[in-house]
Every structure is written in C-alpha cells, then in structure tokens.
Amino acid sequence: MLDGEVFKQFQQQQQAAAKRGKPNDFQMAIAFPQIYLIQGKGKEQKLKYLPLFTVDITPIFKGNYRKTGWDLTEYEFQPVVVNLMRLYGLEEEQAESLIVASGILKFLEDTFKGRFATLRDFIDLVDLPDGRYKSFRQPYLLRCDFTPYNALLKLDLQAILQQLQETPHPCNWLTETHPAMQYLYFPY
C-alpha cells in the first residue's frame with residue numbers, strides 16, 4: 001500500500017525523468033523486511049540496511065493509483081545474495097543456485113523452507129536474524145539500479161580464468177574476441 005500523495009510525487013518524478021529521455025534515472029524498489037546495523041556513535045551514527053531482496057516497482061508509476069495496492073509478485077525481484085549468505089548462513093554455491101526464475105513466492109518457499117501465500121505472510125512468518133541486527137517486519141522504499149554487475153563480472157572472470165588455464169600458450173588470449181581483451185579494450 002502506498003499513500004496517494006506519495007504515489008503522485010513519485011509518478012511526477014518518473015514522468016520528469018522520461019521527458020528528459022532518461023527513464024533509468026528514476027528506479028524505485030521495495031525491500032523487506034527491514035534489517036539493519038547501527039554503525040558509529042552519537043552524531044556519526046549511520047544505519048546500514050541489509051535487504052534480503054528488492055522488488056522493482058518502477059512500472060507501477062506508469063499507471064494509475066490503486067487504493068487497494070499492488071500485487072508485488074507481478075514485478076521483477078532481485079535477491080541480495082550477499083545478505084542472504086551473511087544473515088542466514090547460506091554457502092555461496094547454495095545462494096547462487098536459488099531458484100529465482102519461477103517468481104518471488106517460489107524463491108521464498110525454497111529459501112526459507114515454508115509456504116507463503118502472500119508477501120505479507122512472508123513478512124509475518126519468516127525468522128528474522130538474531131544478534132546485533134535491528135529488524136522490523138515492515139517494507140521500505142528505496143531508489144536503486146537493478147543491474148547485477150558483480151554477478152556478471154564474476155562469471156566472466158571465471159570464464160577468463162578457465163580459458164587461461166586451458167590454453168597452453170599464455171599469449172593466446174591476446175585476441176580481440178577474448179573476454180579479457182573485451183574488458184580491457186572494448187570498442188567504441
């Protein structure tokens with residue numbers, strides 16, 4: 001649920017970005033539950049949020065306001081693998097093999113080993129991490145970019161390393177089409 005005035009403000013920002021020809025300048029997401037660390041003391045205090053996943057809600061601002069809210073399972077979501085590993089003790093291989101293509105509800109069932117009919121059920125039923133983390137069973141809005149650069153870069157670097165190990169002569173990778181050369185000297 002979003003307040004009508006808040007929706008209108010975000011919709012105006014999205015429309016202004018589209019008029020400037022830069023629709024990617026306005027990307028909104030929702031993340032939940034709220035899990036964060038308090039770092040520093042006094043006036044230097046900062047909150048470091050550790051979302052489990054984000055749901056891209058930018059497309060809702062292209063439409064009309066709904067008093068009943070939106071079904072977030074219809075929108076693209078991105079698990080935050082680093083936080084899932086950190087907060088729930090998942091191994092890297094486990095985290096990278098999570099099922100994300102079947103939608104958010106399947107992802108939540110597989111990751112948290114439970115059945116959640118709605119995202120609200122997930123927020124109400126999932127165990128929040130213990131320890132020095134503060135947490136609330138509430139969603140929050142954030143601006144973000146959904147391009148998973150780190151994941152793609154990691155895969156490319158693994159392919160480069162494998163090719164270098166398979167190549168008997170170390171200079172064979174000095175070709176224009178080799179991924180290493182494309183990273184270093186991409187054509188304009």
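The values are calculated or read from the model by the stated rules, or taken from the named source; none is laboratory data. Given the structure is predicted, the values throughout are model-derived calculations rather than measurements. Note that we place each Cβ from the backbone using ideal geometry, even for glycine, and neighbour counts take in every protein chain shown.
Conditions (1) of a type in the set (S, T, N, Q); (2) surrounded by 12 or more Cβ atoms within 10 Å (Cβ to Cβ), marked per residue:
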| site | (1), (2) |
| --- | --- |
| 21 | no, no |
| 36 | no, yes |
| 71 | no, no |
| 78 | yes, yes |
| 93 | no, no |
| 96 | no, yes |
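Among the residues of the range 1-31, the ones that are in contact with a strand residue (DSSP E or B) (Cβ under 7 Å, 6 or more places away or on another chain) and either in contact (Cβ under 8 Å) with a residue 60 or more places away in the chain or outside any helix (DSSP H, G or I) (or both) come to 5 in all. Within the option set 134, 67, being in contact with a Gly (Cβ under 9 Å, 6 or more places away or on another chain), of a type in the set (Lys, Arg) and surrounded by fewer than 15 Cβ atoms within 10 Å (Cβ to Cβ) holds for one residue only, 67.
Just one of the numbered conditions (1) modelled with pLDDT under 75; (2) surrounded by 12 or more Cβ atoms within 10 Å (Cβ to Cβ) is not true of residue 145: (2). Among residues of the range 27-82 being modelled with pLDDT of 85 or more and of a type in the set (Asp, Glu), the one that is farthest from the chain's Cα centre (by Cα) is 44. Among the residues examined, residue 108 does not qualify as in the same structural domain as residue 29 (by TED's automatic domain parsing), assigned to a loop (DSSP other than H, G, I, E, B) and more than 16 Å from residue 49 (Cα to Cα). If you check 30, 99 for being touching a Ser or Thr at 6+ places or on another chain (Cβ under 8 Å) and β-branched (Val, Ile, Thr), only one passes: 30. All of (1) within 30 Å of residue 5 (Cβ to Cβ); (2) exposed (fewer than 14 other Cβ atoms within 10 Å of the Cβ); (3) of a type outside the set (Ser, Thr, Tyr) hold for residue 127 with one exception: (1). Selection of the range 70-95 for residues being touching a Gly at 6+ places or on another chain (Cβ under 9 Å) and among the polar types (S, T, N, Q) yields only 73.
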